[in-house]
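A.B. asks: Could you have a look at this structure, given as structure tokens, before my questions?
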């Protein structure tokens, strides 16, 4: 495995982007980062989907990367999310490198018509322009096969990892086998980590880690130790929270995390359209989950859970 790829064999944390009165709240972002860094998180992806990437302006995306890189101050690998058209992705990547990011994650192309050759060319154009940075692919479409990824990796040596976000462990195993030298990250977070590790993944992404970093890191330790019994137990303790996020085609994916952080006294509930804050029933469900988690992990709440819900 490439030296840079090995650093991705970890919990790849996707920080939320806090908002206050409609603007990014960088002070609160630093508080969210401290929760993770102090717990031992070593990989951060600012401007991921949990960070509401598609709702941020270019200047805001740079502010987020700069804040994360500066605040981490060498304690974590910074993998900046980039995307949109190739020029925008390259500009964001170069700007991210200038403020301390070592890698980029290219969000899946946003286009209704994508060919195999076009998919490869899109990523190669960006990777070639960012030749001094490691590149992680974000694969969400099942028609992206192993041959495409292997061809791209051969063409661009700085492609070092794949965030694979398709709910099919068998397909994952088949696609991974075409380019086993890359770091393969379970891109559907904790619920799929156990099954994907069984097929060769060495890391997993997480938004939940913003709320309960110890739980995510404990799961990583169990997976790395081959302790499947503990990994199953931890995965089950995560299940309700992740199911809330996944309801209605992931409508509340970010909102549930922000609700939990609000109840812990860390951040506001605010999200940007097309997301929306959770309803009262979901907020109450989040409160029950946090109370259960607090029995086993220090959540560092600034107020009583029941009072802040």
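Rule-based calculations on the coordinates, nothing more; no lab input. These figures come from a predicted structure and were not determined experimentally. Ideal geometry is used to build each Cβ from the backbone, glycine not excepted, and the neighbour counts take in all protein chains shown.
A.B. asks: What ranking, highest mean first, results for peptides 75-87, 171-183 when packing means the other Cβ atoms within 10 Å averaged over each residue?
C.D. replies: Details: 75-87: 21.2, 171-183: 17.5.
Most protected by this proxy first, the peptides run 75-87, 171-183.
A.B. asks: Under a 10 Å cutoff between Cα atoms, tell me which one of 46, 274, 169 has the largest fluctuation in the Gaussian network model of the chain.
C.D. replies: 274
A.B. asks: Given a 10 angstrom Cα cut-off, can you work out which residue in 164, 113, 196 is the most mobile in a GNM of the chain?
C.D. replies: Of 164, 113, 196, the most mobile in the Gaussian network model is 113.
A.B. asks: Still on this model: Label-point separation (nm) for residue 178 and residue 3, each offset 7 Å from Cα along Cα-to-Cβ?
C.D. replies: A separation of 2.9 nm, rounded to one decimal place.
A.B. asks: In segment 3-225, if every C-alpha pair distance is counted and binned at 10 Å from zero, what percent goes to each bin?
C.D. replies: Percent of Cα pairs in each bin: 8, 37, 38, 16, 1.
A.B. asks: Here is a further query. Once a ≥ b ≥ c are taken as the square roots of the eigenvalues of the Cα gyration tensor of segment 140-251, is the result rounded (a/c under 1.5), prolate (a/b larger than b/c) or oblate (a/b not larger than b/c)?
C.D. replies: On the way: a/c = 2.09, a/b = 1.59, b/c = 1.31.
Prolate, because a/c is 1.5 or more and a/b exceeds b/c.
A.B. asks: Hey, another quick one. Taking Cα atoms, how many degrees apart are the long axis of helix 213-225 and the longest axis of the chain, rounded to 10 and kept between 0 and 90?
C.D. replies: Around 50 degrees separate the two axes.
A.B. asks: Report, in deg cm²/dmol and to the nearest 500, the calculated mean residue ellipticity at 222 nm for the chain, where each DSSP H run with n ≥ 4 adds -39500 (n - 2.57) and the sum is divided by the residue count. Provide the component values of the computation, followed by the final result.
C.D. replies: On the way: 13 runs with 153 residues, N = 309.
-15500 deg cm²/dmol, from helical runs alone.
A.B. asks: While we're on this one: Roughly how tilted is helix 58-72, in degrees to the nearest 10 and between 0 and 90, from the longest Cα axis of the chain?
C.D. replies: Approximately 70 degrees, to the nearest ten.
A.B. asks: On C-alpha positions alone, give me the angle between the axis of helix 26-39 and the longest principal axis of the chain, in degrees, nearest 10.
C.D. replies: Compared with the principal axis, the helix lies near 90 degrees.
A.B. asks: Taking the highest mean first, how do the peptides 141-153, 209-221 order by number of other beta carbon atoms within 10 angstrom per residue?
C.D. replies: Those peptides, ordered most packed to least, come out 209-221, 141-153.
A.B. asks: By count of other Cβ within 10 Å, fewest leading, how are 163, 132 ordered?
C.D. replies: Working: 163 28, 132 9.
Listing 163, 132 from fewest to most nearby Cβ atoms yields 132, 163.
A.B. asks: Then there's this: Gaussian network model of the chain, Cα springs within a sub-10 Å range: biggest mean-square fluctuation belongs to which of 158, 47, 250?
C.D. replies: Among 158, 47, 250, the largest GNM mean-square fluctuation belongs to 250.
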